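See structure below.
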Amino acid sequence: MKKAMMLLPVLALAAGIAQAGAYSVLQESDCPLVSAAELSKAVRNAGAVTGLDLPKDMALRAELHCTVDGKAGRGARYVYTFRAAIERQVSDGEQLRWMPVAANTGFGTTGGSSSMLRQVHFTVRDLVRQEP
């Protein structure tokens, strides 16, 4: 139940991000170290630095997952995986679906959010360099 409650604000934030002339960021996170706003900001900053400009039928999907390595508490280490993908909306006749065009994954361990957000930046930067 707690996971579901954490994902609702993230999905609501992602739905409100799409604007005319800007690419949309669809994000999912179950990591307590990074808030939805911090993740969105890191993804957008990395996209801005690399000059990412996607058409309206494309989106950047960001997935951040982490678990505690050992005991939870102060000074705990987290194992994380961050996956970024550029997806295009395609039609299969009656239904629309998202098809990945490019994807990149970063992973590691950390005790704080700053190194995790650096990994988010590097993963998005490397994804954009694939030039979908």
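Computed from the coordinates by the stated procedures, all read-outs in this text should not be read as laboratory data. Given the structure is predicted, the values throughout are model-derived calculations rather than measurements. FYI the Cβ positions are ideal-geometry reconstructions off the backbone, even for glycines, and counts take in every protein chain you see.
The modelled label-to-label distance for the pair Val101/Glu63, using points 7 Å beyond Cα in the direction of Cβ, is 2.0 nm. Taking a point 7 Å out from the Cα of Ala76 in the direction of its Cβ, the residues of the stretch 112-126 whose backbone N falls within less than 15 Å of it are 112-113. Residue ranges 94-106, 27-39, 43-55 sort as 27-39, 43-55, 94-106 when ordered by packing (mean number of other C-beta atoms within 10 Å per residue, highest first). By definition, a body whose alpha carbon gyration tensor gives a ≥ b ≥ c is prolate when a/c is 1.5 or more and a/b is larger than b/c, and the stretch 56-131 fits this prolate description. Distant-in-sequence amide contacts of Phe107, defined by a placed amide H-H separation under 5 Å and a gap of 5 or more residues or a different chain, comprise Phe82. Remark: spin-label model distance Phe122-Val49 equals 1.1 nm, labels positioned 7 Å along the Cα→Cβ axis.
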